[in-house]
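The next block holds one structure in the form of structure tokens; read it before the comments.
Quick note: the coordinates plus some simple rules give every number you see, no bench work behind them. Just so we're clear, the structure is a prediction, and the values are computed from it rather than from any experiment. Cβ placement follows ideal geometry from the backbone for every residue including glycine, while neighbour counts extend to all protein chains displayed.
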Amino acid sequence: MLNRRNLLKAGAVTGAAAVFPWDRVTGGGSASATSSAVEVAAAVPFDHAMPVPPVLSRTSATATSDLYEIRMREAEVEIVKGLKSKVRTYNGTFPGPTIQAQSGREVVVRQINELSVNTAVHLHGGHVRSEHDGLPMDVIAPGAERTYRYPNKQRASSLWYHDHAHHLEDTNVYMGMAGLYLLSDREDQYLPLPKGSYDVPLVIREALVEANGNLLYTRPSDCSNVLVNGKERPYFQVAARKYRLRIYNASVNRYIKLRFADGSPFTQIASDGGLLEAPVEQTELVMLGGERVEVVVDFSRYGVGKSIVLENTGARPNERPEVMRFDVVRRAIDFSWVPGRLSYIPPLPKATVERDFELRTFPAMTINNKAYDPNRVDVQTKLGTTEIWNVKNMEAPAAPGAHDFHLWHSFHTHLTFFRVLERNGQPAGVRDSGLKDTVTLGPNENVKIAMTWGPYAGQYLFHCHQLGHSSGGQMGRIDVVE
Ligand SMILES: [Cu+2]
């Protein structure tokens, strides 16, 4: 198994080629998989160390704002040990550089597009004015630039920025256009949670790297490589103490189901929108593209000299389950702890509007049977309105043994966080706790979510965060009016 080279027969998906964007011919560093056999790179798990994405230095500052500059450009990176892969990047790194922001202090990012494709930069989870939201039609053409302003008038949370250009967001993000945006505030800083080098992001995503190094955008069921912080199944050396792990599923088209090989629990402390009110124990984390879960893991439970593997039980039967390995290599003092009470999340006002949304894969990627049209307003609401949205995945489960990534949907709202009230008619469980901006829907599942639309009026989006689905039309326009 370990060194076997798998030959994939990549043919058209029966009856569905038109709706799956990975069957389009993609340009710039990726090739069509529809006609030729693909030789997958031989990747040995735990072959290289996991890097932590570099923190971006500001170019200047004013009394109220920090200014940054990012050049979007192609780069060659080592994803699988010994191979070079051409990727699309922010500033040449894969994933992009991390922006560290402070609640109450504005961040201004000048984005310069040196790529040969359109781009648009969306701050996922950021509450920003419409003209800075990276709307699909607000693109930065090759050679052009745009300056985005992020007010950061919101609580601490693990956000990320990624591409959102119309019909291109799946390819651009898959090819590397994603980076972290870690927003901090006093509440978060004063808690006795692990900090500094013991606060580590894990950006997990799917990939398919060919034997020649080419990063190929193709069907999710063929993307058997798992990357953490840009490296195929790395190891990470840790001390025998507690760590805060900020886990992102940055996959374009796949869910992950994370567990430790020994079944030990994670202590979840935060989700998409920041700290939970109280920590919750979980033994498995089900995450679809766009979701974040923050956990505290105490590696002293394993002891120096031991290793523990993080696995994906959502891997296909022909894939290896390993995601990464933690090697406990030293002792360290540890004054951190997880308080029983972390934060307070105020209840939402009573909802005055209720809406229904149906997500379909077949016969096309749609919401309420409509594909995204930037000129059609799907929802109009008044600034400050609290609403309940019933979101339903209309697809039935796949036959046993068949892959089902295309049947899952992850519902994402721009501008505001929501609470998950119910899942499949039952009160939301720990998996849906806290403030969310992306919620996972398996086949036949439905959720009831509630949100207040604001703090800004303007044009925004809601969409599936399986980006092959959103770029294929599973997206709607919401106009928030004064
Ligand atoms: Cu979807």
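Here are some notes:
- Cross-link reach list, lysines versus Lys382, counting only Cα pairs under 19 Å and skipping chain neighbours closer than eight places: Lys350
- Listed peptides 82-91, 331-340 by packing density, highest first (mean Cβ within 10 Å): 82-91, 331-340
- Under the convention that each Lys and Arg Cβ holds +1 and each Asp and Glu Cβ holds -1, the size of the dipole of the chain around its Cα centre is about 780 debye.
- Compactness of the chain was expressed as the Cα radius of gyration divided by 2.2 N^0.38 Å, which yields 0.92.
- Listed by chain and number, the lysines whose C-alpha is less than 20 Å from the C-alpha of Lys306, apart from same-chain residues fewer than 8 away, are Lys242.
- Euclidean distance of C-alpha centroids, the stretch 193-228 and the stretch 249-280, integer Å: 16 Å
- Directionally averaged projected area (convex hull, Cα atoms, the stretch 60-183), nm²: 7.5 nm²
- Subtracting the Cα-Cα distance of Glu39 and Phe362 from 0.36 nm times their residue separation leaves 113.3 nm of extension gain.
- Principal semi-axes in Å for the stretch 196-331 [√(5λ), Cα gyration tensor, largest first]: 25, 18, 13
- Based on Cα contacts under 8 Å between residues 6+ apart, the chain shows a relative contact order of 15 percent.
- Where a label projected 7 Å from the Cα of Ser60 along Cα→Cβ would reach, residues of the stretch 119-160 with amide N under 19 Å: 145-150
- The ellipsoid that matches the Cα gyration tensor of the stretch 373-482 has semi-axes, each √(5λ) in whole angstrom, of 25, 18, 10, with the longest given first.
- Packing-based ranking, highest mean first, of 319-329, 379-389 given that Cβ atoms within 10 Å are counted: 319-329, 379-389
- Lys, Arg +1 and Asp, Glu -1 on Cβ, resulting dipole of the stretch 60-183 about Cα centre, debye, nearest 20: 280 debye
- Residue order for Met365, Met394, fewest other beta carbons within 10 angstrom first, comes to Met394, Met365.
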